[in-house]
1. Residues of segment 114-128 being surrounded by fewer than 14 Cβ atoms within 10 Å (Cβ to Cβ) and under 17 Å from Gly165 (Cα atoms), which ones?
2. If you go through segment 203-216, how many residues are surrounded by 12 or more Cβ atoms within 10 Å (Cβ to Cβ) and assigned to a loop (DSSP other than H, G, I, E, B)?
3. Whether any residue in segment 146-156 is at pLDDT 95 or above, in the same structural domain as Ser108 (by TED's automatic domain parsing), more than 28 Å from Thr90 (Cα to Cα) and not hydroxyl-bearing (Ser, Thr, Tyr) is what I want to check.
4. Could you list, ordered by first residue, the pairs with Cβ atoms under 6 Å in which the first is in segment 205-217 and among the hydrophobic types (A, V, I, L, M, F, W, C) and the second is part of a loop (DSSP other than H, G, I, E, B), at least 6 apart or interchain?
5. If you scan segment 132-185, which residues turn out to be charged (D, E, K, R), in a helix (DSSP H, G or I) and more than 15 Å from the chain's Cα centre (by Cα)?
6. Look at Gly219 and say whether it is more than 21 Å from Trp85 (Cβ to Cβ), of a type in the set (Gly, Ala, Ser), in the same structural domain as His78 (by TED's automatic domain parsing) and exposed (fewer than 13 other Cβ atoms within 10 Å of the Cβ).
Amino acid sequence: MDPGFRRDDGEGTIRMAYDLLIKNGRIVDGSGGPSYRGDVAVKDGKIVEIGKLSGPAARTIDADGRVVAPGFIDNHCHYDAQITWDPLCTFSCDHGATSVVFGNCSLSLAPVRKGKEERLCEFLSYVEAIPMEVLNTLEFTWESFPEYLEQMDHHLGVNVGNLIGHTAVRYYVMGDECQKRAATDDEIREMQGLVRDGMQAGALGLSVSRNQGHFDPQGVHIPAIWADE
């Protein structure tokens, strides 16, 4: 039998070796080694072979003149709001990024208390130059970080890693006091609980900021800057 086929025992069914075969591309495999020409075979959503392949496939793509590489990781972006209406996180995906990490710079959109959503958005808006006209269109269907992750999980188009923003956590626990003083021991313990809950739900970790150029619209340092070292 041609090695490109597989016969199912007892059924006599002939199946294609691969679901997808990408041929004749210049492969950059991420190992640090030099690129090389070759083919990439995919079966059941996984790469099963790389090399000079001849087995038949349900779909074949001729990648001659193109680079075949793993998806890039965009590890510093701010799609916290955009992900709710743009599951592909445009424009990262247009540049080959299949994984994104956001919630950076201590700025996330959860946790957030009801009625405090606009103020939390102001921190993100002013530091990252995202217009409030855009952020004000958000429908906050979450309060906790696990609820934010649950809302987002229903329509992802790329791989997403989330960081819990220290600014959001401080504002949630301390209210307006978060931009006036350091936290008490009890407040820190409450913050630790929020971060723990978020990480147990799938967050990658906590993002902080010590950037003295991070201000809110009123010219006051964002909450994360007020934390003790």
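1. Our first condition is that a residue be surrounded by fewer than 14 Cβ atoms within 10 Å (Cβ to Cβ); within segment 114-128, this holds for 114-115.
Matches in segment 114-128: none.
2. As a first pass, look at segment 203-216 and keep what is surrounded by 12 or more Cβ atoms within 10 Å (Cβ to Cβ): 203-209, 211, 214-216.
Still in the running and assigned to a loop (DSSP other than H, G, I, E, B): 203-204, 208-209, 211, 214, 216.
Number satisfying all stated conditions: 7.
3. no
4. Every condition considered, the pairs that remain are Val208/Ser106.
5. Our first condition is that a residue be charged (D, E, K, R); within segment 132-185, this holds for 133, 139, 143, 147, 150, 153, 170, 176-177, 180-181, 185.
Subsequent filtering for residues that are in a helix (DSSP H, G or I) retains 133, 147, 150, 153, 170, 176-177, 185.
Hits for segment 132-185 are Glu133, Glu147, Arg170, Asp176, Glu177, Asp185.
6. Details: more than 21 Å from Trp85 (Cβ to Cβ): yes; of a type in the set (Gly, Ala, Ser): yes; in the same structural domain as His78 (by TED's automatic domain parsing): yes; exposed (fewer than 13 other Cβ atoms within 10 Å of the Cβ): yes.
It is true that Gly219 is more than 21 Å from Trp85 (Cβ to Cβ), of a type in the set (Gly, Ala, Ser), in the same structural domain as His78 (by TED's automatic domain parsing) and exposed (fewer than 13 other Cβ atoms within 10 Å of the Cβ).
The values are calculated or read from the model by the stated rules, or taken from the named source; none is laboratory data. Everything numeric in this text was worked out from a predicted model, so none of it was measured. FYI the Cβ positions are ideal-geometry reconstructions off the backbone, even for glycines, and counts take in every protein chain you see.
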